[in-house]
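Student: Sharing a structure, written as structure tokens. Questions coming.
The values are calculated or read from the model by the stated rules, or taken from the named source; none is laboratory data. No experiment lies behind these values; they were computed from the predicted model shown. Counting neighbours? That spans all protein chains shown, and the Cβs are built from the backbone with ideal geometry, glycine included. Ligands, DNA and RNA are stripped out before the accessible areas are found, and what is left, the full protein with its side chains, is counted by its heavy atoms. Shrake-Rupley method; radii C 1.70, N 1.55, O 1.52, S 1.80 Å.
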Amino acid sequence: MSFTTPPPPVLPLSRTRKRAAWLTAAAAVALCAVAVVAWWNPWGYVVLDTGLLAPVAVAVVLPVAAGVLVLLLVRTKAAAVTIAVVCGVAALIALCGGAGLALWTDPGWKRATLATSADGAYQVVSLTDDSLTWRRELRIAHPDGVLTRESTRPVACAQASFGDTPRLRITSARFAAAHEVELTLDNGTTWRTTFDPDSLLPAQTFAIDCAYTGSHVHNATP
């Protein structure tokens with residue numbers, strides 16, 4: 001004869017819990033999809049240029065969603081709470097570590113407009129970062145308020161190690177034609193390239209000690 005107490009019956013999940021679980025999963029997938037698209041940003045929208053914040057958001061959302069789903073679906077309370085706490089700690093680590101890394105690696109561009117096309121549809125924008133290394137990029141931009149876009153590949157790039165100055169500087173830029181820009185260097189020479197009016201990508205990139213490679217890169221001569 002056994003005196004052990006039989007385990008309590010396992011009750012089926014309520015419709016409310018199932019619905020909440022579905023909503024949690026759908027929200028997590030939607031948020032991660034938005035973050036991935038923002039990080040990819042093939043259109044070059046300036047408002048989406050957030051560096052590593054998008055992947056950090058994914059790293060935080062996933063464990064948070066997992067913890068919520070465990071609390072909703074796992075019917076053993078002790079196991080559910082334990083796993084949820086682990087997920088919460090993982091989310092906190094991702095938030096603190098990821099945010100710190102994102103802020104550390106963010107170039108913190110200082111933007112300035114160098115030239116505007118005659119019809120106002122395009123601009124040459126200068127982005128300068130003076131932190132661990134000095135770096136400057138010139139990009140083709142299409143100003144449109146919150147929908148402003150910039151070329152995902154620069155029309156020109158100059159870089160110098162910390163404490164040094166670039167061996168060549170770009171002093172000015174202008175639109176030589178509707179879809180062509182001309183850059184003037186501090187040694188008196190000029191350089192031109194065309195760009196695609198839709199993607200804003202330049203036909204060539206003028207590189208001064210920047211790590212760009214490919215047939216589209218024109219490296220400055222010493």
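Student: Assign one of three labels to the stretch 68-112, namely rounded, prolate or oblate, based on the Cα gyration tensor with a ≥ b ≥ c the square roots of its eigenvalues; rounded applies when a/c is under 1.5, prolate when it is not and a/b is larger than b/c, and oblate otherwise.
Tutor: Taking the square roots of the gyration eigenvalues as a ≥ b ≥ c, the stretch 68-112 is prolate.
Student: What's the magnitude of the charge dipole for the stretch 1-155 around its Cα centre, counting Lys and Arg as +1 and Asp and Glu as -1 at the beta-carbon? Answer in Debye, nearest 20. Each step should come with its number before you reach the end.
Tutor: Numbers: 13 positive and 8 negative charges, 166 e Å.
That gives the stretch 1-155 a dipole magnitude of about 800 debye.
Student: Can you send over the carbon and sulfur percentage of the accessible area for the stretch 143-198, probe radius 1.4 Å, protein chains only?
Tutor: Whole-percent figure for carbon plus sulfur exposure: 48.
Student: Still on this structure: Mind checking which of 125, 147, 184 is farthest towards the positive end of the chain's charge dipole, using Cβ charges of +1 (Lys, Arg) and -1 (Asp, Glu) about the Cα centre?
Tutor: Positive-most Cα among the choices belongs to 147.
Student: Quick one: angle between helix 53-73 and the longest Cα principal axis of the chain, in degrees between 0 and 90, rounded to 10, please.
Tutor: With both axes taken from Cα atoms, the answer is about 10 degrees.
Student: Label residue 194 and residue 146 with points 7 Å out from Cα along Cα→Cβ: what is the distance between them in nm?
Tutor: Label-label distance for residue 194 and residue 146, simple model: 3.6 nm.
Student: Further question: Which percent, to the nearest 5, of DSSP beta bridges fully inside the chain are antiparallel?
Tutor: Looking only at bridges with both residues in the chain, the antiparallel portion is about 85 percent.
Student: With a 1.4 Å probe and all protein chains in place, put 93, 83 in order of accessible area, largest first. Each step should come with its number before you reach the end.
Tutor: Numbers: 93 115, 83 75 Å².
Ranking 93, 83 by accessible area, largest first, yields 93, 83.
Student: When ligands, DNA and RNA are left out and all protein chains stay put, how many square angstrom of accessible area per residue does the stretch 90-222 have with a 1.4 Å probe?
Tutor: Per residue, the stretch 90-222 has 53 Å² of solvent-accessible surface.
Student: Kirkwood Rh and Cα-based Rg: tell me the resulting Rg over Rh for the chain, rounded to two decimals.
Tutor: Reported Rg/Rh, Kirkwood definition of Rh: 1.23.
Student: From the square roots a ≥ b ≥ c of the eigenvalues of the alpha-carbon gyration tensor of the stretch 102-222, which class results: rounded (a/c under 1.5), prolate (a/b over b/c), or oblate?
Tutor: It is oblate, given that a/c is not under 1.5 and a/b is not larger than b/c.
Student: Nearest 0.05, what FRET efficiency do residue 186 and residue 128 give at R0 = 22 Å with Cβ-Cβ as r?
Tutor: 0.90
Student: Tell me, what is the 1.4 Å probe accessible area of residue 215, in Å² to the nearest 10?
Tutor: Looks like 120 Å² after rounding.
Student: Determine the order of 129, 144, 198 by accessible area, beginning with the largest, at a probe radius of 1.4 Å. Show your work: numbers first, answer last.
Tutor: Details: 129 20, 144 80, 198 115 Å².
Highest to lowest solvent-accessible surface, that is 198, 144, 129.
Student: Restricting attention to the chain, give the cysteines that have no other cysteine Cβ less than 4.7 angstrom from their Cβ.
Tutor: 32, 87, 96
Student: Further question: Percent of accessible area on the stretch 12-126 owned by carbon and sulfur, 1.4 Å probe?
Tutor: The computed percentage sits at 73.
Student: Kindly identify the stretch 28-106 as rounded, prolate or oblate by the Cα gyration tensor criterion: order the square roots of the eigenvalues as a ≥ b ≥ c, call it rounded if a/c is under 1.5, otherwise compare a/b with b/c, prolate if a/b is larger, else oblate.
Tutor: oblate
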